[in-house]
Amino acid sequence: MTLRRFKALMLPLCAACLLLAGWMVYHSLTGLQMAGCGAGSACESVMGSRWAWVLGRVPVSLPAAAVYALLGICVLFLGGKSAESRSLDRLLWRLMPLLGGCIVGAALWFAWLQAGVLHAFCKYCSLLHLLGCIAAAIILFARDSAPKSGKARLLWFAAGLAAAALFAFVQARTLPDAVYDAGRAEAELPAFADGEVPVLSSTGRDAETLTLLFDFQCIHCRRLHRVLPEFLSLAEGRYGIRLCPVPLSSACNPYIPASGIDRFAGSCALTRYALAVWYACPEAYAEYWDWLLGAGDERAAVDPAEAQLRARALLGDGFEAALQDPRIESYLRKVEELFGRTSSSEKSGVPRLILGRRWLVAEADSAEALLALVEEQLRGS
């Protein structure tokens, strides 16, 4: 590959990666949603998570933008004619494999995080990593345009991988608090009467009841659902939890903007089936709702057709009548209003905990972390 062709390939790649990373930095710092990253989307799950930040307050896309800017500068200044330029070329051919190793190492780290921790893939992050890995491969295998030092390039590339590993270590050690969003309503919020929704009760007489908004198809909701029993135990009678499913589908929730892909298209039906079982056969709701939420498996996918079959088996001939229960429509209008009044045009995620006029959208990995967030965010001044 000639130097001219190398630069012709690398400069557009660096520019595209820099623009994409810079766009992600802007959206991270302003809190605005990126196109196609609405409530419940995979990219919202990734970019709205704690793993989208390093050192507590720095978006991970910022160091990525710096790496791509530096790589673009290196490519731009390659190929001078003077003796000083040839000396500079040797330096740049050490720096570029180092940056390539950083890019590949970061791509591996974030791919693992998305697959193994978040169980969701951000399309913008994935595109950035793919373009970056292509650029790194071009650097690593550009033989004709580079000085004859293939072994040295591999060593610098390995150093870049080590730098990415150090970044991963620092990020893991400096994760910010697991708060995606929090706020306070100006006026009183809609409330639910006894028996309108299930309540996970505590034994305390003076317990405060938290309202939990969740979607049966939301992976973060399943993760939170798994720690609720331990949370109540740790709270020692201070809290109860009111379970309020709210569909995140624009097909039935007017506060969810319509988009080309509705990732929660089945939520409307699942919510209705869950409410039908609750109102018609409350003694069976716990097992049915737990199954809808994955029965402890946050990655479990629930088929609405199978959910209907299970509900029919529970309710028998009363299934159709239970679906027509007017309490279902009344509940849906109320919970959607509650969802809308604790959302903004930029952020509208779940699971959402509400106490009085305060609300909190939490990403809690443990009952201890959830309790700390509730104490700080919902009961704080």
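When the residues of the range 292-332 are filtered to those that are modelled with pLDDT of 95 or more and assigned to a loop (DSSP other than H, G, I, E, B), the one that is nearest to L228 (Cα to Cα) is D325. Pairing residues of the range 284-301 that are acidic (D, E) with residues that are in a helix (DSSP H, G or I), at Cβ distances under 6 Å and at least 6 apart in sequence or on separate chains, gives E298/I219; E298/R222; E298/R223. Of all residues assigned to the range 93-109, none qualifies as being out of contact with any helix residue (DSSP H, G or I) (no Cβ under 8 Å at 6 or more places or on another chain) and either at pLDDT 95 or above or farther than 17 Å from L20 by Cα (or both). Among the residues of the range 306-319, those identified as more than 35 Å from the chain's Cα centre (by Cα) and crowded, with 17+ Cβ neighbours inside 10 Å are L315, F319. Checked against (1) without any contact (Cβ under 8 Å) to a residue 24 or more places away in the chain; (2) in contact with a Leu (Cβ under 7 Å, 6 or more places away or on another chain); (3) surrounded by 14 or more Cβ atoms within 10 Å (Cβ to Cβ), F77 passes all but a single condition, namely (3). So for the range 269-291 (the condition being modelled with pLDDT under 90, among the small types (G, A, S) and either assigned to a helix (DSSP H, G or I) or within 27 Å of the chain's Cα centre (by Cα) (or both)), does at least one residue qualify? There is no residue in the range 269-291 that is modelled with pLDDT under 90, among the small types (G, A, S) and either assigned to a helix (DSSP H, G or I) or within 27 Å of the chain's Cα centre (by Cα) (or both).
Considering the range 197-230, the residues that are more than 12 Å from V350 (Cα to Cα) and charged (D, E, K, R) include one that is modelled with the lowest pLDDT, namely R205.
A Cβ distance below 8 Å, combined with a sequence gap of six or more or placement on separate chains, defines the contacts here; from the range 327-338, residues that are β-branched (V, I, T) reach residues that are in a helix (DSSP H, G or I) in the pairs I328/R272; I328/L275; I328/A276; I328/Y279.
Out of curiosity, is W291 surrounded by 21 or more Cβ atoms within 10 Å (Cβ to Cβ), farther than 23 Å from Q114 by Cα and either among the aromatic types (F, W, Y) or in the same structural domain as A115 (by TED's automatic domain parsing) (or both)? No, not satisfied.
Here S28 meets the list (1) touching a Pro at 6+ places or on another chain (Cβ under 8 Å); (2) under 17 Å from C125 (Cα atoms); (3) touching a residue at least 40 places away in the same chain (Cβ under 8 Å) almost entirely, failing just condition (3).
Does V197 satisfy the condition of being surrounded by 18 or more Cβ atoms within 10 Å (Cβ to Cβ) and either of a type in the set (V, I, T) or farther than 30 Å from A269 by Cα (or both)? Criteria met by V197. One residue alone among A322, A276 is closer than 24 Å to Y255 by Cα, touching a residue at least 40 places away in the same chain (Cβ under 8 Å) and buried (at least 16 other Cβ atoms within 10 Å of the Cβ), and that residue is A276. Every condition in (1) in contact with a Lys or Arg (Cβ under 8 Å, 6 or more places away or on another chain); (2) more than 23 Å from E44 (Cα to Cα) holds for A300 except the one numbered (2).
Flag: G240 does not match the condition of being exposed (fewer than 14 other Cβ atoms within 10 Å of the Cβ) and either modelled with pLDDT under 90 or in the same structural domain as R341 (by TED's automatic domain parsing) (or both).
Hey, could you check the range 31-47 for residues that are surrounded by fewer than 16 Cβ atoms within 10 Å (Cβ to Cβ) and closer than 11 Å to Y124 by Cβ and say which is modelled with the highest pLDDT? In this case the residue turns out to be A35.
The values are calculated or read from the model by the stated rules, or taken from the named source; none is laboratory data. These numbers were taken from a predicted model, which means no experiment stands behind them. Methodologically, a virtual Cβ is constructed for each residue, glycine included, from the backbone with ideal geometry; neighbour enumeration extends over all protein chains shown.
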